[in-house]
1. Looking at A:Asp168, A:Asp196, which one is among the acidic types (Asp, Glu), over 27 Å from A:Gly54 (Cβ atoms) and assigned by TED's automatic domain parsing to the domain that holds A:Thr243?
2. For A:Ile191, all conditions in the list (1) buried (at least 22 other Cβ atoms within 10 Å of the Cβ); (2) under 15 Å from the mean Cα position of the chain (by Cα); (3) assigned to a helix (DSSP H, G or I) hold save one; what is the number of the exception?
3. Select from region A:198-225 the residues that are among the acidic types (Asp, Glu) and within 16 Å of ligand 1 (Cβ to nearest atom) and write down the one among them that is least open to solvent (accessible area, probe 1.4 Å).
4. Yes or no: A:Gly67 surrounded by fewer than 18 Cβ atoms within 10 Å (Cβ to Cβ), within 16 Å of ligand 2 (Cβ to nearest atom) and more than 14 Å from chain B (Cβ to nearest Cβ)?
5. Can you find a residue that is within 16 Å of ligand 1 (Cβ to nearest atom) and surrounded by fewer than 23 Cβ atoms within 10 Å (Cβ to Cβ) anywhere in region A:153-162?
6. Kindly list the number of the only condition in (1) of a type in the set (Val, Ile, Thr); (2) within 14 Å of chain A (Cβ to nearest Cβ); (3) crowded, with 24+ Cβ neighbours inside 10 Å that fails for B:Ile432.
7. Open to solvent by 40 Å² or more (accessible area, probe 1.4 Å), outside the structural domain of A:Ile175 (by TED's automatic domain parsing), more than 16 Å from ligand 2 (Cβ to nearest atom) and on the phi < 0 side of the Ramachandran plot, is that true of A:Thr94?
8. Being within 21 Å of A:Ile158 (Cβ to Cβ) and either within 14 Å of chain B (Cβ to nearest Cβ) or open to solvent by 30 Å² or more (accessible area, probe 1.4 Å) (or both) is the filter; apply it to region A:3-27 and report the residue that is nearest to ligand 1 (Cβ to nearest atom).
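The values are calculated or read from the model by the stated rules, or taken from the named source; none is laboratory data. On a predicted model such as this, the values are computed, not experimentally measured, just so you know. Heads up, the Cβs are rebuilt from the backbone with ideal geometry, glycines too, and the neighbour counts pull from every protein chain shown. SASA here: full protein model, heavy atoms, side chains in, ligands and nucleic acids out. Shrake-Rupley method; radii C 1.70, N 1.55, O 1.52, S 1.80 Å.
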Amino acid sequence: MDIQLKLEVKEISKAYGNNEVLRRVNFAVLDGEFFSILGSSGCGKTTLLQILIGLLVADAGKIFKDGADITTLEPARRGMGIVFQNYALFDNMTVFKNVSYALQFHSVDNEAAIKKAAQMLDIVGLKNFSAKMPAELSGGQQQRVAIARALALEPDIILFDEPLSALDASTRLDIRRELKNIQRTLGTTMIYVTHDQEEAFALSDKIMILNRGVVSQIGSPEEIISAPANDYVKTFVLDNLQTKIDSLRRFLT
Amino acid sequence: MRKTFLICVAVIFSAGIFAPLGSLFLRITPEGFVQVINSPQFSSAVWNTISTGLIATIISLTLALAAAWTLERTAIKHKNFFVIIFGVPMLIPSISHSFGLVALFGANGWLTNIFQWNFNIYGAAGIIAGSIMYAFPVAFFIFMSVLQCEDGSPYLAAEVLGVPKIRQFLDLTLPYLKRTIISTFFAIFSMIATDYGVPLMIGGKTITLSVLMYNKAVAMMDYNSGSVIGAFLIIPAVIAFLADILNPAQKQNDFAKNISVDDKYSSRAGFIFCLSLSALIVAPILTFCVMIFAAKYPADMSFTLYHVMRTIHRGALDNWLNSLIIAFISAGVGTIFSFALAYFSTRTEGFAARIIHLLSIFPMTIPGIALGLGYVIFFHDLPIYGTLIILAAVNVMHFFSSPYLMMRNTLEKISSNVEAVGKVLGIPRRFIIRDIILPKVRFTLYEMFAYFFVNAMMTISAVSYLAPPAPKPIALMITQFEAQRLIESAAVVSIAILLTNLALKIFFTMLNRKTPASQ
Ligand SMILES: Nc1ncnc2c1ncn2[C@@H]1O[C@H](COP(=O)(O)OP(=O)(O)OP(=O)(O)O)[C@@H](O)[C@H]1O
Ligand SMILES: [Mg+2]
């Protein structure tokens, strides 16, 4: 079995004035992997995502995708999609148009665009909502539109910025399952930013723990649980998880 | 692209604002300055401007706040009717307000004749009354919109805690409005102090600074003295500008609740108050309507078209057409230009965006009467002098800041991630603007267009220097008829302007109805 290296991030640093937001961040993501970036509020997660997709320029470091240097490539030419926390849907367009709209700028003809959008809406379970306006949908449904919109361009990597934090617990569970499904069926690599330990551990093949712009540890959930790299990982990640498990256990017995 | 845009903006602002303003200041010599400020007229004009301006500002703010509060916070009947009536004075030139007062209270006024009054409306009292008519609606709409945005949750809490209504007003509403009251106070004072329409007509022997400037610069073409006075008139506007900047707006709370009005809480006093205000506002306009068809108002009220025909014979139709063309050009160009700058200053980052913002709010500080003088001095020997284009240009620059701020306000509410999504999905910026931003800001665009149009239609300040030789806008006929004491013709023109502006407003209202907001 030969698993390919999809994305390689080398020595990325970024500062706003004196505020060093990211310090020499290194990591690699394998093809088809579900990779979470976990860290508390303000630790630089969004900044890192924006650098990966090219909306922000890093002060130093390089990004490679499939072995090619994409550090200075325009966002649209990186073959990546992104789902923002506030979805940023085009709220003057129907659900269908939201998904199909961008295709015309990638020399996809009209017929193919319609087919593609229908297919994507089907994948996220919104087939019957095509004609609705975003404002008529629930938060979870809007989120799915944003996912379908990103998928339509067939990116091989999708970035999610805290996609579930605005949703209620059961909707989160649904969407998590769906994300896993999409990952399995389309084989899309997913990079998932969250501050929720539980979420990261439930979803990920691999987790990177970020503490104030510095990588604390990268590993599979099992690796992190069995061998936390430092005190931060122990207290911030594992103790929190433990508390949750304990409370659940008390609740169940 | 970005560079070309910035260069264009720099050129437009240099030619449209800074060069004329610079030429105005260059006209000021030490001797001229000393001569002007030592003249006895000057010191009395300063006193008249400040005293009438302060009194009128305080009264219009008080009335406006009372009216806005009554309409927003009590279950008053016919609210929409009052809002429409209170907006009507914004559709006629300031000078028409003093005409209205003269028609009612002047030597031959309607009320004067009925009640055999013999007080003198000409002078400070008239200036104050006319200025209130002119400024009241502006302050009213500012207070209305701020009251509409106030968060209702503290009032719910106060209600539950049993805080009486009057204490709610004093302890919650007033502190919330403090910033608005301060900045509106300076803005209204500056608006009144720099207007010459009202005092020119009704001031009599009471000369304000703006009338003094008009007499010197427009009537006697004494540009040197005019420049000195013009520089003084910039002061109140600069103070208003600083008051606004140093007094930053509070952030709107995302969780704000609308204030629900208690149905039981309706007051008869509030209704009578709004009804009286409406009567005061409508009376002069109704008088105009009667006057223009009466043989010799108010003595002989038999119907005639004589006044209307005479006004047309004197060129009213041609001038009305001129005004329409100027208003459409100003509104079209002004709307596009202010959208472009508002888009740039809100949706891009960095130094250039901040500079663009400062440039865009700068025209606020220059009274039309000073800007117009700058235009004469600077453009006098250039080919566009004497054309409709220069009139449209001066209007765009003069009225630029308000529509810019309207658009900025709207754009700031749209998530900046829209552009980021565009970048990631490879949608060119112009499509993002065309297909996503423009549909979302459509109503603001209409509002901006109407603002430019209405103001271009009724302004008499900056344009008074430029026409003639440029084709004359119809509003300037009012000053002409004032000089000739043809009060009926001035009324015809005022009504013509009112109807034109009303037609445009109705058109946009219908457009808004037809296509409901998509957000
Ligand atoms: N445009 C900016 N200018 C200056 N500082 C910024 C800017 N954007 C972010 N920062 C700072 O960078 C740091 C990291 O921000 P970032 O948004 O990447 O954090 P985050 O991990 O995504 O946090 P959250 O969980 O709250 O979304 C913060 O301290 C923030 O204040
Ligand atoms: Mg973030």
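1. Numbers: A:Asp196 fails: over 27 Å from A:Gly54 (Cβ atoms).
Going through A:Asp168, A:Asp196 in turn, just one is among the acidic types (Asp, Glu), over 27 Å from A:Gly54 (Cβ atoms) and assigned by TED's automatic domain parsing to the domain that holds A:Thr243: A:Asp168.
2. (3)
3. Start the filter on region A:198-225 by keeping residues that are among the acidic types (Asp, Glu), which leaves A:198-199, A:205, A:222-223.
Going one step further and asking which of them are within 16 Å of ligand 1 (Cβ to nearest atom), we end up with A:198-199.
Numbers: A:Glu198: 81, A:Glu199: 4 Å².
If we take residues in region A:198-225 being among the acidic types (Asp, Glu) and within 16 Å of ligand 1 (Cβ to nearest atom), then A:Glu199 is least open to solvent (accessible area, probe 1.4 Å).
4. Values: surrounded by fewer than 18 Cβ atoms within 10 Å (Cβ to Cβ): yes; within 16 Å of ligand 2 (Cβ to nearest atom): no; more than 14 Å from chain B (Cβ to nearest Cβ): yes.
In short, no.
5. First, the residues of region A:153-162 that are within 16 Å of ligand 1 (Cβ to nearest atom): A:159-162.
When the remaining residues are screened for being surrounded by fewer than 23 Cβ atoms within 10 Å (Cβ to Cβ), the result is A:161-162.
So far as region A:153-162 goes, yes, one or more of its residues are within 16 Å of ligand 1 (Cβ to nearest atom) and surrounded by fewer than 23 Cβ atoms within 10 Å (Cβ to Cβ).
6. (3)
7. Details: open to solvent by 40 Å² or more (accessible area, probe 1.4 Å): yes; outside the structural domain of A:Ile175 (by TED's automatic domain parsing): yes; more than 16 Å from ligand 2 (Cβ to nearest atom): yes; on the phi < 0 side of the Ramachandran plot: yes.
Judged against the criteria, A:Thr94 is a match.
8. Step by step, filter region A:3-27, then rank; the result is A:Glu8.
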